[in-house]
1. What number of residues in segment 37-65 are surrounded by 16 or more Cβ atoms within 10 Å (Cβ to Cβ), more than 12 Å from residue 91 (Cβ to Cβ) and in contact with a strand residue (DSSP E or B) (Cβ under 9 Å, 6 or more places away or on another chain)?
2. So which residues in segment 225-244 are surrounded by fewer than 17 Cβ atoms within 10 Å (Cβ to Cβ) and modelled with pLDDT under 95, if there are any at all?
3. Does segment 67-87 contain any residue that is at pLDDT below 95 and either within 30 Å of residue 240 (Cα to Cα) or surrounded by fewer than 19 Cβ atoms within 10 Å (Cβ to Cβ) (or both)?
4. Mind listing just one residue for me: the one in segment 244-289 that is in contact with a strand residue (DSSP E or B) (Cβ under 7 Å, 6 or more places away or on another chain) and part of a loop (DSSP other than H, G, I, E, B) and, of those, nearest to residue 112 (Cα to Cα)?
5. Can you pull out the residues in segment 134-164 that are part of a helix (DSSP H, G or I) and surrounded by fewer than 23 Cβ atoms within 10 Å (Cβ to Cβ)?
6. Please go through segment 173-198 and pick out each residue that is in a strand (DSSP E or B) and in contact with a strand residue (DSSP E or B) (Cβ under 6 Å, 6 or more places away or on another chain).
7. How many residues does segment 106-131 hold that are closer than 18 Å to residue 81 by Cα and not in a loop (DSSP other than H, G, I, E, B)?
8. Please give the number of the condition residue 201 fails out of (1) within 18 Å of residue 167 (Cα to Cα); (2) outside any helix (DSSP H, G or I).
């Protein structure tokens, strides 16, 4: 069997190992994609630790989004032409030279979109678009508060909120990240270590929608600064602490807390994923959104990239390049 390089989690909680494994063969309804670039996400850390929403049998090749060229189609499977430039979301397997992809998940790339941009585009931008435009129904003129606003996902929420006509308040740590958030469209930037975040947000007029990627005490502070009828999106808990929501606060002020997991849409509403990605690609081709790829890592430096995410030092998106790139 022909071999390929793949980053595999062998023991939960320990760093992935670079191993030689067999190149998988696509079955009916599947495609084999030669990876050119793969996006790194906070979810990759959770998968490695065995704490992700979906748990896979070990050893497991990680990675949830990739771009590359179509290498083969399974028996009786119709799809793009062999060699086509494609991108896809996958349940696992992107951190390898080749990956199996459900053919229905393939997206053919615009000619002008490079592989690194395509690899880091789907989850970060798709999460923010579906969450803000779909689940939270953000409206022009409303105030959007984004935590972790200089990270790979938070930065896209700032940009999309701005594009949708919201007033965007971004929470970041440090002057460099503040400048990045402003460049993406934030109207105001506050330090995530603000000693009294609740009063600071109230002084800015309060919040209609919160996009929270961090969790912890900041969630409670944002909730108490939310105007009646406001919506709070629980996107993730990068800070490590899952907030406990006092239901009496939601009741008396008519506030909604909305859980959002982008990956879940592949199971119950794949058409929503497709429509959202189509809209985002249209915006990209029109020059209305500008994905920030902050670092392109050689294939042997995966752990360095994941540590950057773990330590919350990432600004924009990190992508892993194929060994031959």
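1. Of the residues in that region, 6 qualify.
2. 240, 241, 242, 244
3. no
4. 260
5. 134, 135, 162, 163
6. 188, 189, 190
7. Total meeting the criteria: 3.
8. Going through (1) within 18 Å of residue 167 (Cα to Cα); (2) outside any helix (DSSP H, G or I) one by one, residue 201 breaks only (2).
The values are calculated or read from the model by the stated rules, or taken from the named source; none is laboratory data. All values reported here derive from a predicted model rather than from experimental measurement. Note that we place each Cβ from the backbone using ideal geometry, even for glycine, and neighbour counts take in every protein chain shown.
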